[in-house]
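Quick notes on the structure that follows.
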Amino acid sequence: MHAVSRGAKRASWEVRRAGLVLALCLLPLPIVFGSLLLGRMDLGAREVWASLLGGAVPETVRALVLRVRLPRLLAAALVGANLAVSGAAFQGIFRNPLVESRILGVSAGAGLGAALAMVLRSGPLGIQGLSFIGGLLAAGLAMLLGTAFGGGILVLVLSGVLVNSFFSSLVSLVKYFADPYVQLPGITFWLMGGLSTVRWADFWPLAAASAIGLGGLLLLRWRLNLLTLSEAEAQALGLPVKRLRFLTVALGTLLTAASVSVSGVVGWIGLIVPHAARALVGPDHLFLIPAAAGLGAAVLLIFDDIARTLLPTEIPLDILTGLIGVPVFFLLFMRQIRKGGGWR
């Protein structure tokens, strides 16, 4: 009797969890539409619908919706999803709740690439391209060092910390030699994060990288559960641990580098959102990965709305995520301590 009751409860929980995951995945859609109404020039729902469906609206309204706000909002959704999913994957495979998507020095490498592009006056495409290359280079170096010294989890994390510190120092060096009146402010504001300059030309490369990274991690999501076991246990189950860990890190790095190259440095999304998604749907990556994607997209869309509407001048995203993310993480951390169960 008790076994039947437990089975019924489990089946009910599985159905509710699947429904919750679907709701989280669909959550960004109404937020995107609502966000199209907001900005320096407020629009009505009819104007937005008409612009999206090709109806009769003034050309300035159509251009504002289709060329300015829509690519920015879609990019914000992808950046939020990318950072949250890569953070969830990294927390799982590194078995560390404090790990986030930037653990391998991706943001510092991307910052170095963007800073060099600004000093060299390479233009927006050059900034995006060099920041993407810099992020991949930093993560590749961290993975190379980690693999050369055994490929263990602790070695990879320490390699990422060292590479992050090294590339951050290089960014400071570039800032030191940059023109203090033209180049230095640009580098500083880029490192604070923001999506104000995003257009369709920036969105499509991000969408391509996101499709590869998110699609790959969704396909690997059941294997990620096995990677959370000890290395000996995973190998005993026939899992090629190092190969899968390398592939997961590569896909997560691709997502992070592509996002940072478009948005600049945006902290805390890859750390906080996976914890929130885990609290809602549990630690099973079959549900956690899509839930983190939907929740991450929704959260960054809301942050971007606040950034561009709260004050007359736009607030950098990294400032907002830090001001809100730190207290939220502290509350989550204290909640786990009071429960006495540690991280799950």
Size of the dipole of region 72-339 about the Cα centre, Lys and Arg at +1 and Asp and Glu at -1 on the beta carbon, nothing else charged, in debye to 20? 400
Listed peptides 185-195, 308-318 by packing density, highest first (mean Cβ within 10 Å): 185-195, 308-318
Global geometry of region 210-338, whether rounded, prolate or oblate, following the gyration tensor of its Cα atoms and the 1.5 cut on a/c: prolate
State the answer as a single residue: which of PRO240, GLY282, GLY270 lies farthest towards the positive end of the charge dipole of region 208-336, with beta carbon charges of +1 for Lys and Arg and -1 for Asp and Glu, about the Cα centre. PRO240
Given the Cα atoms of region 217-286, and with Rh set as the inverse mean 1/r over their pairs in the Kirkwood sense, what is Rg to Rh to two decimals? 1.02
Where does each of PHE203, PHE330, PHE167, PHE246 land when they are ranked from fewest to most other beta-carbon atoms within 10 angstrom? PHE330, PHE246, PHE203, PHE167
Pick from LEU271, LEU136, LEU20 the residue whose mean-square fluctuation is largest in a GNM of the chain, springs joining Cα atoms under 10 Å. LEU20
Principal semi-axes in Å for the chain [√(5λ), Cα gyration tensor, largest first]: 33, 28, 17
Taking only DSSP H segments of four or more residues, each worth -39500 (n - 2.57), what value at 222 nm results for the chain once the sum is divided by all its residues, to the nearest 500 deg cm²/dmol? -25500 deg cm²/dmol
How many percent of the alpha carbon pairs in region 1-112 exceed a separation of 21 Å? 61
Ranked by Cβ crowding within 10 angstrom, fewest neighbours first, how are VAL266, VAL241, VAL68 ordered? VAL68, VAL241, VAL266
Compute for region 134-183: radius of gyration divided by Kirkwood radius, i.e. Rg/Rh, restricted to C-alpha atoms, rounded to two decimals. 1.17
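FYI, it's all coordinate maths here, none of it is from the lab. On a predicted model such as this, the values are computed, not experimentally measured, just so you know. Note: ideal-geometry Cβ built from the backbone for every residue, glycine included; neighbour counts use all protein chains shown.
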